[in-house]
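The values are calculated or read from the model by the stated rules, or taken from the named source; none is laboratory data. Here the structure is a predicted model, which is why all the values come from computation and not from measurement. Note: ideal-geometry Cβ built from the backbone for every residue, glycine included; neighbour counts use all protein chains shown. These accessible areas exclude ligands, DNA and RNA; they are computed on the full protein's heavy atoms, side chains included. Shrake-Rupley method; radii C 1.70, N 1.55, O 1.52, S 1.80 Å.
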Amino acid sequence: MGIKDLYIPLEMYKILKEIPLNDCITSVAFSGRGDYLAAGTLDERVTLWDTKSLAEKDSVKSAEFDGHKLGVIDVRFNPSGSRLAVASMDSVVKIWNVDEGGLMSEIGCNPFEAWRLEFTSNGREIFVTGDGGKIVKYDIETKESLETLKTVDAFNSAIALSRNGRWLATANNLGLVFLFNLEDREHPGTPIKHEVHSKMIRSLCFTADAKRLIIVSDDQHISLLDIASNKPVQSLTGHKGNINSVDIHPTENKFITASFDQTIRVWDIDSKQSIHTIPCSDNIWSAKYSNDGRTIAAGAENGILSLYSQK
């Protein structure tokens, strides 16, 4: 029985499983194929599970990837789910072959310039950003630097690519968002700047149709930015702590946010309302939908990986 078999379509959530890890969970990710779940922790490792085993009583780890010298801060699958990229505070990006379990390549960066990752649509390149406000695109096989995009001299703390591959968004510790049109040949590398938050932006994501960008911040606000007009259309509130993570539902018009107030909130985009609050065991650093949207994985500061399903 897979995770999807446990789904009953009501807007309520139950705890499916709690898996204790050894340290704070900073990032979680489901593969695009839906067959793997990855969690990165501050004890310098990444743990991988086969999602089919998560529906069973005893979940078996598929692999553990280590080798970093400082804590893991971001994990990202490429679109096909065959590669996993890992960023660490040691400023090295490791690319792992998920199917074979081996290390494919390592990309060394300047101190703190490898904080957030995003694969390109073809999965053969990766955007890396962090301190200094630069976004560098690398070939994951050759490790060659292919392109550098610039914002301002600040700490880029979030990055997201739209599903159609047209828009790349980054955000920083000053509360600024920069939007790049990757298809603009007349002004390549020239971003549109938005001043939307008063504190650090922790995470952002595009809606499935790439018409809006959802942004979350330490100021406890959620912003919805309209891409066509380049204007904020809504500011949502409800969390009582820093908001660390946002993720869009893969098929429905809703999204989740995770916060230091020890909750995950489910939001409806059309009504712009919080439609459910999930209490958690500790501060949540990262929360993501499974590829079918029927399960939420949440990584907590106390090292508990929680899986929630609708009931």
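What the range 185-311 shows is 40 Å² of accessible area per residue, with the surface traced by a 1.4 Å probe over protein heavy atoms. Semi-axis lengths, largest first, of the ellipsoid equivalent to the chain are 27, 24, 17 Å, with √(5λ) applied to each eigenvalue of the Cα gyration tensor.
Take the Kirkwood radius over Cα pairs of the range 1-149, plug it into Stokes-Einstein at 25 °C and 0.890 mPa s, and you get 153 µm²/s for translational diffusion. Each stretch of four or more DSSP H residues adds -39500 (n - 2.57); spread over every residue of the chain, this sum gives 0 deg cm²/dmol at 222 nm. Each eigenvalue of the Cα gyration tensor of the range 72-123, multiplied by 5 and square-rooted, gives one semi-axis; in descending order these are 19, 12, 8 Å. Pair-distance distribution of the range 99-144: all C-alpha pairs, bin width 10 Å, starting at 0; shares per bin in whole percent are 27, 53, 18, 1. What you get for the chain, charging only the Cβ of Lys and Arg (+1) and of Asp and Glu (-1), is a dipole of about 660 debye around the Cα centre.
Net charge in the neighbourhood of Trp285 (other residues with Cβ under 12 Å of its Cβ; Lys, Arg +1, Asp, Glu -1) is -2. The convex hull drawn around the Cα atoms of the range 180-263, when projected onto a plane and averaged over every direction, covers 6.0 nm². Taking all Cα pairs closer than 8 Å and separated by 6 or more residues, the relative contact order of the range 160-284 comes to 15 percent. Gain on full extension, evaluated as 0.36 nm per residue between Phe112 and Asp226 minus their Cα-Cα distance, stands at 38.0 nm. Think of the chain as having a plus end and a minus end, set by charges on the Cβ of Lys, Arg, Asp and Glu; of Leu70, Ser217, Thr129, Ser217 sits farthest toward the positive end of this dipole. Out of the total accessible area of the chain (probe 1.4 Å, heavy atoms of protein only), what percent is carbon and sulfur? Of all accessible area on the chain, carbon and sulfur atoms account for 45 percent.
Trp115 sits among other residues whose Cβ lies under 13 Å from its own Cβ, and their net charge, with Lys and Arg +1 and Asp and Glu -1, is -1.
If the elastic network links every pair of Cα atoms under 10 Å, which of Thr120, Thr51, Thr237 fluctuates the most in the Gaussian network model of the chain? Taking springs between Cα atoms under 10 Å, the residue moving most is Thr237.
Each residue of the range 152-216 gets 74 Å³ once the volume of the Cα convex hull is shared out per residue. Taking all protein chains into account, the per residue accessible area for the range 92-167 stands at 44 Å² (1.4 Å probe). Binning all Cα-Cα separations of the range 194-311 at 5 Å, short to long from zero, yields these whole-percent fractions: 2, 12, 24, 25, 21, 10, 4, 1, 0. How many angstrom separate the Cα center of the range 114-176 from the Cα center of the range 197-241? With the range 114-176 and the range 197-241 each reduced to a Cα centre, they are spaced 18 Å. Using a cut-off of 25 Å between Cα atoms, the listed pairs Lys61/Lys143; Lys150/Lys272; Lys211/Lys272; Lys231/Lys311; Lys199/Lys231; Lys69/Lys199 include Lys61/Lys143; Lys150/Lys272; Lys231/Lys311; Lys69/Lys199 as exceeding that distance. With a cut-off of 14 Å between beta carbons, the residues surrounding Pro79 carry a summed charge of +2, where Lys and Arg count +1 and Asp and Glu -1. Placing +1 on the Cβ of every Lys and Arg and -1 on the Cβ of every Asp and Glu, with no other charges, gives the range 1-148 a dipole of roughly 300 debye about its Cα centre.
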